[in-house]
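Reading through the structure tokens given below for one structure.
Every number here is computed from the coordinates shown, using simple stated rules; none is lab data. These numbers were taken from a predicted model, which means no experiment stands behind them. Here the Cβ is made from the backbone with ideal geometry for all residues, glycine too, and neighbour counts use every protein chain on show.
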Amino acid sequence: MVSCGLGSGIWDSGFRTIMSVSKLNGVAVEQLENKAQWVWEETLKLHKRSQETRVASSLSPIEIFVVLYYGGFLHQDPHNPRWDGRDRCIISKGHGSLCMYPILADLGFFSIDELEKVCQEGSFLGGIPDPIIPGYETVNGSLGHGAGVGAGMALGLKRRGKDQAVYVVTGDGELHEGSNWEAFMFAAQHGLDNLVIIVDNNQICMLGPTDEIVSHRNLKGKFEAFGWSAREVADGHSVAAIGAALIECQHDRSGKPKVIIANTRKGNRVPGLENAPLSHVTAINPDLIDRLLAGEGA
Ligand SMILES: [Mg+2]
């Protein structure tokens, strides 16, 4: 079972985060960093096998998912993915969830052998995922729905007297969809403090920098104006910082839904792809992947 528990040694008496942490929920930060490196490499390997997959969008949320799944935040049972007592995790930016496949396989949601078949006929691992994949809660192809579905789940859990949490990972460009803001109003109205949204804020959407398409301007302030408890993580590739923000959410007694805006880099650590305006639709040359996996850089 993917377990969850509050650790010790990272809080002061006022429940303010002490950032120089070595462990999250009893898991060594170094172990999480090593896992994130492994997921980064496996994601590149998957993309080399299936160049149609959206790789740049999958390289920015790796540390977010690693902390959620390996850092003791999600109660889930890989051998019973629909276990009623599970915390829910919705990957709303479906096009960027290629990095989830090695994580779910590694945790035992499905065989690691399935990774060899990504995007092949007969495989349930497609370029855009859906709930046929063990561990996936929702269809993710149409953007802007994760927050609404997550809010509904959070309300349902509350009404059944359950204490599980619902985590939703969205893209920043995805927040252009108005349906998100309906869901944000709804969640605040109903005091869904069991809902945590994590924005993979790589600041690039499909056709260029998000700010140049439709700027979010002061995204944290917008969430707060909508009645949310909001916090920002300056380096969304720091597992310690993401973990600290998640623990802050767990200790937040404001009664509000919570959001973490994690500033990430699209195409993280791939020369020519990182922060490139059109990286969303760019494939990585297989030779470059080989060099990166060999630790040679560009
Ligand atoms: Mg983006």
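Please sort by residue number the GluC sites (Glu not before Pro) in the range 96-153 whose DSSP state is loop and whose Cβ has at most 12 other Cβ atoms within 10 Å.
Those satisfying the criteria are Glu121.
Run the numbers for Arg253 and Trp181: contour at 0.36 nm per residue of separation, minus the present Cα-Cα distance, in nm.
Difference between extended and current length: 23.6 nm.
If you find the alpha carbon centre of the range 28-80 and of the range 266-298, how far apart are they in angstrom?
17
Would you mind getting me the FRET efficiency between Glu41 and Asn218? Use the beta-carbon distance for r and R0 = 25 Å, nearest 0.05.
0.10
Using the alpha-carbon centroid of each, what span in Å lies between the range 91-120 and the range 135-183?
Each part's Cα centre sits 20 Å from the other's.
About the Cα centre of the range 26-293, how large is the charge dipole given +1 on each Lys and Arg Cβ and -1 on each Asp and Glu Cβ? Please answer in debye to the nearest 20.
600
Mind giving me the FRET efficiency for Val139 and Asp287? R0 is 51 Å, r the Cβ-Cβ distance, nearest 0.05 is fine.
Here the calculated transfer efficiency is 0.90.
For the range 26-293, build the charge dipole from Cβ charges (+1 Lys, Arg; -1 Asp, Glu) around the Cα centre, then report which of Leu288, Leu32, Ile112 sits farthest towards its positive end.
Toward the positive end, the furthest listed residue is Leu32.
Separation between the Asp84 and Asp163 pseudo-spin-labels, each 7 Å from Cα along Cα→Cβ, expressed in nm?
If labels sit at Asp84 and Asp163, their model points lie 1.8 nm apart.
In deg cm²/dmol and to the nearest 500, what is the mean residue ellipticity at 222 nm of the chain if only DSSP H runs of at least 4 residues count, each as -39500 (n - 2.57), divided by the residue total?
Here the helix-only value at 222 nm equals -10000 deg cm²/dmol.
Straight-line reach from Lys23: which aspartates and glutamates have a Cα under 19 Å away, not including same-chain ones fewer than 8 places off?
The reachable aspartates and glutamates, counting only those whose Cα sits under 19 Å from Lys23, are Asp12, Glu33, Glu63, Asp235, Glu248.
May I ask you to compute the full-extension gain from His190 to Glu30, defined as 0.36 nm times their residue separation minus their alpha-carbon distance, rounded to one decimal in nm?
Difference between extended and current length: 53.8 nm.
Which peptide among 172-178, 158-164, 198-204, 57-63 comes first, and what is the full order, when sorted by highest mean count of other Cβ atoms within 10 Å?
57-63, 198-204, 172-178, 158-164
Return one number: the angle in degrees, 0 to 90 and rounded to the nearest 10, between the long axis of the Cα atoms of helix 146-159 and the longest principal axis of the Cα atoms of the chain.
The angle comes out near 40 degrees.
Between Ala294 and Gln120, how high is the FRET efficiency from 1/(1 + (r/R0)^6) when r is the Cβ-Cβ distance and R₀ = 35 Å? Nearest 0.05.
Result of the calculation: an efficiency of 0.85.
Report, for the chain, the % of DSSP beta bridges that are antiparallel, rounded to 5.
DSSP beta bridges in the chain are roughly 20 percent antiparallel.
Kirkwood hydrodynamic radius for the range 204-298: how many Å is it when counted over pairs of different Cα atoms?
So the Kirkwood estimate lands at 15.7 Å.
Can you bin the range 223-262 into rounded, prolate or oblate? Criterion: square roots of the alpha carbon gyration tensor eigenvalues sorted a ≥ b ≥ c, rounded for a/c under 1.5, prolate for a/b above b/c, oblate for the rest.
oblate
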